[in-house]
Amino acid sequence: MKKQSFFLAFVIGAVTTLTLGGMAQAQKQPWEKVLDRLYPAAKAEGQVTLYMSSEFPLGSKEGEAKFKKRFPGIEFSFIKLSRSKAPARIILETRAGRNTVDGYWDYPETAKAMIDRGLISKLNPAELTDQPEKWNFMFDHNLPVVGQFINTFYYNTKLVSKSELPKRYEDLLDPKWKGKLAMDARGPRGFTHLPLIWGEEKFWRYIKALKEQNPIWTRRCTTTMDKVLTGEALIGCTTSSLEKRHKAKGQPVEYLLLNPVSVKPTILLPIKGSPHPNAIKLVIAWLLSPEGVEAVGKTGYGLLQPGTGFYETLKALGAEFFLGGKLTIDQMIAMGKTRKKIGKTWGIIK
Amino acid sequence: MEARIILSRVKLPGIFSADKLIFLFTTSVVVYLVLPPIALLILSSFKSTADRLPVEPGPLTLSNYVQVLSTGDTYLLFQNSLIYAFSCVVGALAIAILMVWLTERTDLPGKNLVFTLLLMPIAMPGMVKAIGWTFLANPTNGLINVVSRELFGISGGRGPFNIYSLSGMIFVGTLSMMPSLLLMIAGAFRNFDPAFEEASEASGVSRSKSQLLITMPLLRPALLGAFIYYLASALDDFQIPAILGLNAGIRVFSTKIFLATHPDDGLPDYGLASGYGMILFVTAMILIVLYRRMMRKKQKYAVVTGKGYRPRLIPLGRWKHVALGSVALYLTLAVVLPVFILFWISLQPYVSIPSVEAMGRVTLSNYSEMLAMSHFKEAVINTIVISLIVATATMFLSTLTAWMAVRGRFPGHSLPDLLTFINTAVPSVVFALAIAFIYLSFPILPIYGTIWILVIAYTTRYMSYSTRLMGGAVIQIHQELEEASQTSGVSRWTTFLRVTLPLLLPSFFNGWLWVAVHALRETTIAVMLFTQTNAVVAALIWEEFQFSGGTGLVAAMSVCFTVASFILTFLGRRALLRQQPY
């Protein structure tokens, strides 16, 4: 009798477990199923490491916590390394067959040096997302765009009132801003899309006039932002998200969006011969999943997707993104060349 | 004397004599460390590297030299750099001589504390100092300008001081360079035998004239060594001119190297950077040859002899207040203001000019953010271990190199000395690439990804400073001391350890301190070589600074390094004074 009861209880338990498990699986979203498929191989590797030149790859500690919760057993780490050093290191390490990192997150133009050398693993978009047509995969390696930086302007909210702010790019030439603008002497990225809209002649006339405004010259984002924060400059042009580093700390700085806003995509490259090739695929898949998009989207360097915090913030401020944020590699290279030419035209640092 | 030298030569014959073995050891180590970066500099300069690394296959070309030498800008910028470098070195050396004379040779009250305070800014990266000065003296809302305008009723909303100018650059460069120069010459002043001055004074020459005519010429090796090292280094300095010169329209030579190695996209152009680096390389060669020619009669400068060496302190008398006043003025400009602004930035949630309103925002968030960084604890341990090992290894190797260069009696004895100095001319990024390439491609030592690769890189890099420092100190010691020991049957090596090294202790300690502090704050080389397993604090935090918002973190790190350097100096000085209580 006891044996029969025990057997019955076991059968009921097993059936219930299988049913609930099956229901849970059936309730899972398609993107979760993609992640589930990639997880076991990634877990077997147990670790993943990235190089990134700018921010926190998984959308701050909060994003990292979400990733860890979803994928226990995978240790995530990243090394912040500027784009003048990371590619050279990756090339040297890969040539020597001694890779220490699995992926590199940066601008596509920077990645080109590694792509040209065949140092990037090929990806299959269908393996990484349930909506491959939705995302931008670049080059024939199908490298995914996982983030978008906005290149725009910022102003000191204590020293400039909203009503005084420039409304168009041309308004920056108003004499009241003379000596009050902070600009990267190498050419601010926030202007590099304008020749594609205005044409060359108008653009270069504008750039020369901008120099006559006697900007306070800088050569890095940090210094530009510091000039605005301290009030030495009132408006700065740089590539930066205010969300995590500035607004979260209550700093007196806000976006000044001059439309259309220049947007620069960033991609995540899986490095050929990396120690954890499956784990890096999982990271990419997670970044393209709604959970990843939302986590990184809060920070201001994730994908500009409706419904994510950063996108909605910018939209509320009236932002219109240049080409909807979808640039081709040729457009990006052209914009890079424009930037160099701005630096040369100004002649402050050459 | 000649007989004793001959005797010493007879006593150490054959290829296995102690000094030859030391020479072979020192030369092998120095060549192993220094030659690869120099070789890569030369190779890179002959390779077109617009889209490839110099270590990748590619044809040899003169295109970098054509580009460097055919641009009129190169000469103009080199001229600007020379003006900047020369002015800074002369200014800093003059202040260093005054300060070291006051702290080592006079009865200045509290001089040990003064000496320790003078060295505090050494732990702050040049860029941080320059940024600090923009907060203090930018013409728009720099603190000093705002206060001056209020005090003196100056209208117009700008000035009266403008840090964005050539004089501003030289001012900050001079203050920034002074502590390192002070360390470089302090040992020589400390070792100086006042008998020479006393003899001069006994002959009726005034004290000040004696100082000028006797002391200064006898200290020429140390002063000249410091001068040429810093002239070569300042030509390569980019940080201060980049921040302060940019708005004054003053461009310097090192800008070219920076631009070549920091592209917006694609790979750095190491070849072009090396082409520019070769100009510095040739300059360094000329400087070292000039130095050697001037130092030919080494015995002339030997002031530490066996004849009753008795240091004597010069009483300042009524000049004491003037001396204290000048020390206080210098400390205010070079230590109090920069350290204050650094501390202020580190306590603010975002960079802001000091004000009553901003007092309410004081927070330790930058420090807690620093502590919360991933790999931070391991990085702190690595940093301390690397700093101590590098300082000790560098100083031993440099002392041997300098000793061989001064005392060596066979061909090629000064080769290590020459190599260490011209190494100064290799741009830091090219140097770091060479080290990474060697230990990745030729795993002679499997140290890539360990702290040892950083130890080797830093040791190689800092030897140029410490060898110059020790060279000046070794020349000061008269050969008769070593000869006396050897004629008593003591080997040359034991003599070095038991006689020479203790006499070199003040310079050795100063060099050790300089290297230790620089190893703490080193960034350019570290960021090229660190991985998850050998992270160091400065590299972790410096990369934060590359992106907007990291100034507070860098300030917090610099404050910690400044405190560490203060403690190191304080403890070191105490130990030194216990050894040499005068």
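The values are calculated or read from the model by the stated rules, or taken from the named source; none is laboratory data. All of these numbers come straight from a predicted model, not from anything done at the bench. Positions of Cβ are generated from backbone atoms using ideal geometry, with glycine treated the same way; all protein chains shown enter the neighbour counts.
Results, tabulated for the structure shown:
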{"read-out": "Pairs where the first residue, in the stretch B:467-491, is without any contact (Cβ under 8 Å) to a residue 40 or more places away in the chain and more than 20 Å from B:Arg220 (Cα to Cα) and the second is among the polar types (S, T, N, Q) and part of a helix (DSSP H, G or I), C-beta under 7 Å, 6+ apart", "value": "B:Ser485/B:Thr495"}
{"read-out": "Candidate set: the stretch A:279-333, residues that are in contact (Cβ under 8 Å) with a residue 12 or more places away in the chain and of a type in the set (Asp, Glu); chosen: the one farthest from A:Glu62 (Cα to Cα)", "value": "A:Glu320"}
{"read-out": "Looking only at the stretch B:431-446, and only at residues there that are within 11 Å of chain A (Cβ to nearest Cβ) and of a type in the set (A, V, I, L, M), the one that is farthest from B:Gln239 (Cα to Cα)", "value": "B:Leu440"}
{"read-out": "Subset of the stretch B:203-251 [among the β-branched types (Val, Ile, Thr) and surrounded by fewer than 19 Cβ atoms within 10 Å (Cβ to Cβ)]", "value": "B:Val205"}
{"read-out": "Subset of the stretch A:210-229 (residues that are modelled with pLDDT of 85 or more, within 7 Å of chain B (Cβ to nearest Cβ) and over 21 Å from A:Gln251 (Cβ atoms))", "value": "A:Trp217"}
{"read-out": "Filtered residue count, the stretch A:137-170, keeping only those that are of a type in the set (D, E, K, R), free of Cβ contacts under 8 Å to residues at least 40 places away in the same chain and over 28 Å from A:Leu288 (Cα atoms)", "value": "3"}
{"read-out": "Qualifying residue in the stretch A:194-202 (condition: more than 10 Å from every other protein chain (Cβ to nearest Cβ) and assigned to a strand (DSSP E or B))", "value": "no"}
{"read-out": "Residue within the stretch B:447-454 that is more than 30 Å from B:Ala222 (Cβ to Cβ) and within 11 Å of chain A (Cβ to nearest Cβ) present", "value": "yes"}
{"read-out": "Boolean, B:Ala199 is within 30 Å of B:Met470 (Cα to Cα), more than 10 Å from every other protein chain (Cβ to nearest Cβ), of a type in the set (A, V, I, L, M) and surrounded by fewer than 20 Cβ atoms within 10 Å (Cβ to Cβ)", "value": "yes"}
{"read-out": "Qualifying residue in the stretch B:179-187 (condition: surrounded by 24 or more Cβ atoms within 10 Å (Cβ to Cβ) and over 30 Å from B:Gly132 (Cα atoms))", "value": "yes"}
{"read-out": "Residue within the stretch B:371-389 that is within 14 Å of chain A (Cβ to nearest Cβ) and of a type in the set (Ser, Thr, Tyr) present", "value": "yes"}
{"read-out": "Given (1) surrounded by fewer than 17 Cβ atoms within 10 Å (Cβ to Cβ); (2) over 30 Å from B:Trp452 (Cα atoms); (3) not hydrophobic (A, V, I, L, M, F, W, C), number of the condition B:Lys377 does not satisfy", "value": "(2)"}
{"read-out": "Unmet requirement for A:Glu291, which otherwise passes all of (1) buried (at least 23 other Cβ atoms within 10 Å of the Cβ); (2) touching a Lys or Arg at 6+ places or on another chain (Cβ under 8 Å)", "value": "(1)"}
{"read-out": "The stretch B:297-318, subset out of contact with any Pro (no Cβ under 7 Å at 6 or more places or on another chain) and surrounded by 15 or more Cβ atoms within 10 Å (Cβ to Cβ), residue modelled with the lowest pLDDT", "value": "B:Tyr309"}
{"read-out": "The listed residue being aliphatic (A, V, I, L, M), away from chain A (no Cβ under 14 Å) and crowded, with 18+ Cβ neighbours inside 10 Å, out of B:Leu119, B:Leu136, B:Leu113, B:Leu151", "value": "B:Leu119"}
{"read-out": "Any pair with Cβ under 7 angstrom, 6 or more apart, that starts in the stretch B:346-366 at a residue that is more than 9 Å from chain A (Cβ to nearest Cβ) and closer than 13 Å to A:Gly231 by Cβ and ends at one that is surrounded by 12 or more Cβ atoms within 10 Å (Cβ to Cβ) and not acidic (Asp, Glu)", "value": "B:Pro354/B:Leu143; B:Pro354/B:Trp344; B:Ala358/B:Gln348; B:Ala358/B:Ser352"}
{"read-out": "Scope the stretch B:79-95; condition surrounded by 19 or more Cβ atoms within 10 Å (Cβ to Cβ) and closer than 15 Å to B:Gly245 by Cα; matching residues", "value": "B:Asn80, B:Ser81, B:Tyr84, B:Ala85, B:Cys88"}
{"read-out": "Of all residues making up the stretch B:37-63, the number that are within 14 Å of chain A (Cβ to nearest Cβ) and surrounded by fewer than 19 Cβ atoms within 10 Å (Cβ to Cβ)", "value": "5"}
